[in-house]
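*Asks:* Please read through the structure below; I'll follow up with questions.
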Amino acid sequence: MPIPQISPEKHEEALIKAAEARIARTALRNKIKTGEIKITDALLCVDDPVISKIKVSLLLESLPGYGKIKVAKLMDRYDIDKSRRVKGLGKNQRQALIDHFSK
């Protein structure tokens, strides 16, 4: 299937939109890192376009003391795929993470 051709204007708009999304995700991760937003609150905000589209692993790695290995073990414990996004979490997976961080 050939790649659809888009106009230079549409391409520029798409680049701007992608950059804005990256900036918003970075801001969210910084707020979680500083404690301005609790991870449990972020996991419940599935209607927020920024939060819902971020990968769970990236969100958890924003927490102080949680690196790639610790996050991978946590996600394995709750049977969450490494490519899963917050919006795609199952009810039980979401609740398990919330319970884990509510301790």
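*Asks:* Between V86, V56, V46, where does the largest GNM mean-square fluctuation fall for the chain, given springs only between Cα atoms within less than 10 Å?
*Replies:* Answer for the Gaussian network model of the chain: V46.
*Asks:* If I model a spin label as a point 7 Å beyond the Cα along the Cα-Cβ vector, how far apart are those points for L63 and A21 in nm?
*Replies:* 2.6
*Asks:* Sorted from largest down, give the three principal axis spans of the alpha carbons of the range 50-103, whole angstrom values.
*Replies:* The principal-axis extents, from largest down, are 24, 22, 18 Å.
*Asks:* Give the residue list of trypsin sites (Lys or Arg not before Pro) in the range 2-59 that are DSSP loop and have at most 16 other beta-carbon atoms within 10 angstrom. Write down the numbers at each step before the final one.
*Replies:* Values: sites: K10, K17, R22, R25, R29, K31, K33, K38, K53, K55; in loops: K38, K53.
Within the range 2-59, the qualifying trypsin sites (Lys or Arg not before Pro) (loop, at most 16 other Cβ atoms within 10 Å) are K38, K53.
*Asks:* Mean 1/r over all different Cα pairs, inverted: what Kirkwood radius does the chain give, in Å? Kindly include the intermediate steps, with their values, before the conclusion.
*Replies:* Values: mean 1/r = 0.0670 Å⁻¹.
Evaluated over the chain, this radius sits at 14.9 Å.
*Asks:* Give me the distance in nm between label points sitting 7 Å out from Cα along the Cα-to-Cβ direction at Q95 and K38, one decimal.
*Replies:* 1.8
*Asks:* In this model, which of K17/K82; K17/K38; K53/K82 are farther than 19 Å apart at the alpha-carbon?
*Replies:* Numbers: K17/K82 25 Å; K17/K38 26 Å; K53/K82 14 Å.
Violating the 19 Å limit, Cα to Cα: K17/K82; K17/K38.
Values quoted throughout were computed directly from the atomic coordinates according to the rules given, and no laboratory measurement underlies them. Every value quoted in this text rests on a predicted model; they were computed, and no experiment measured them. Cβ coordinates were reconstructed from backbone atoms using ideal geometry, including for glycine residues, and neighbour counts include every protein chain displayed.
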